[in-house]
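S.K.: There's a structure below that I have some questions on.
The values are calculated or read from the model by the stated rules, or taken from the named source; none is laboratory data. None of the values given here were measured: they were computed from a predicted structure. All Cβ positions, glycine included, derive from the backbone under ideal geometry; neighbour counts span all protein chains shown.
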Amino acid sequence: MPHKSNISKINIYSALSGCYFPPDENLNVFLDQLEQNIGSWIPEAQKLVISMIAELQNQENGLTELTLEYSRLFLGPFEVLAPPFGSVYLNPNKKMVMDETTNDVVDLYLRAGLDVDENFNNLPDHITAELEFMHYLYFQLHAALSEDKKDQADEFQKLKTDFFRNHLGKWGITFTDKVRENAQMDFYRRLGQVTRMVLSAEAGEHA
């Protein structure tokens, strides 16, 4: 039988991924989804998400200030304060994107039956892609358990463990620390904290 918490995790990872795209009118939807699901896994994170929702609603200039902060943290144009690519952290001597660690991520996507969408405008190891992949792996694990397909469930569990231990789990917390340290707005500081709490909880399950 599938574990009930898997449903929450499916929604949490999907919502977190959405929160790291450039802010638009969908951000409220992602935050609501995150708030509705995170309490069952990490109760102490729920208050932070509620604060993020309130901050977004209180923005005098709508999404304008968040967009500027997003650009400052994740895009540049000069120094990128919180690089959102795994390869930057997994190969610190090179400090570059798109290396062998990126290719390894693509291989894991292919093993899981996925390919990188040609319309996806970021690299395969971007934080949005890796969080979305966790969503996908939990979804497939839940589906296999629901249908009592043990071999398939074991395969997706192994993929999830391999991916988290060797990729997102190795660089994600350092990334969230950079977000928290460099954010000027509470919104992104709290997003970094919530993401860190999720990744720490996930790491505990893979210990």
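S.K.: So for the range 50-72 (the condition being assigned to a helix (DSSP H, G or I), closer than 16 Å to His135 by Cβ and not aromatic (Phe, Trp, Tyr)), does at least one residue qualify?
M.R.: For the range 50-72, residues assigned to a helix (DSSP H, G or I), closer than 16 Å to His135 by Cβ and not aromatic (Phe, Trp, Tyr): absent.
S.K.: Still on this structure: Considering only the range 30-49, state which residues are surrounded by fewer than 17 Cβ atoms within 10 Å (Cβ to Cβ) and either of a type in the set (Gly, Ala, Ser) or free of Cβ contacts under 8 Å to residues at least 12 places away in the same chain (or both).
M.R.: Gly39, Ser40, Pro43, Lys47
S.K.: To continue, here is another question. Just to be sure, is Asn11 assigned to a helix (DSSP H, G or I), under 17 Å from the mean Cα position of the chain (by Cα), farther than 30 Å from Lys149 by Cβ and at pLDDT 90 or above?
M.R.: The answer is no for Asn11.
S.K.: Can I ask one more? From Thr176, Thr161, which residue is surrounded by fewer than 21 Cβ atoms within 10 Å (Cβ to Cβ) and among the hydroxyl-bearing types (Ser, Thr, Tyr)?
M.R.: Thr161
S.K.: Give just the number: which of (1) at pLDDT 95 or above; (2) surrounded by fewer than 19 Cβ atoms within 10 Å (Cβ to Cβ); (3) not charged (D, E, K, R) does Met52 not satisfy?
M.R.: Tallying (1) at pLDDT 95 or above; (2) surrounded by fewer than 19 Cβ atoms within 10 Å (Cβ to Cβ); (3) not charged (D, E, K, R), Met52 fails exactly one: (2).
S.K.: Glu44: of a type outside the set (A, V, I, L, M, F, W, C), in contact with a helix residue (DSSP H, G or I) (Cβ under 8 Å, 6 or more places away or on another chain) and farther than 24 Å from His135 by Cβ, yes or no?
M.R.: no
S.K.: Separate question: Confirm whether Ser51 is in contact with a Ser or Thr (Cβ under 7 Å, 6 or more places away or on another chain) and under 28 Å from Glu205 (Cα atoms).
M.R.: no
S.K.: Also, I was wondering about something else. Suppose the filter is over 18 Å from Gly172 (Cβ atoms) and among the basic types (Lys, Arg); does Lys47 pass it?
M.R.: Working: over 18 Å from Gly172 (Cβ atoms): yes; among the basic types (Lys, Arg): yes.
Against the criterion (over 18 Å from Gly172 (Cβ atoms) and among the basic types (Lys, Arg)), Lys47 qualifies.
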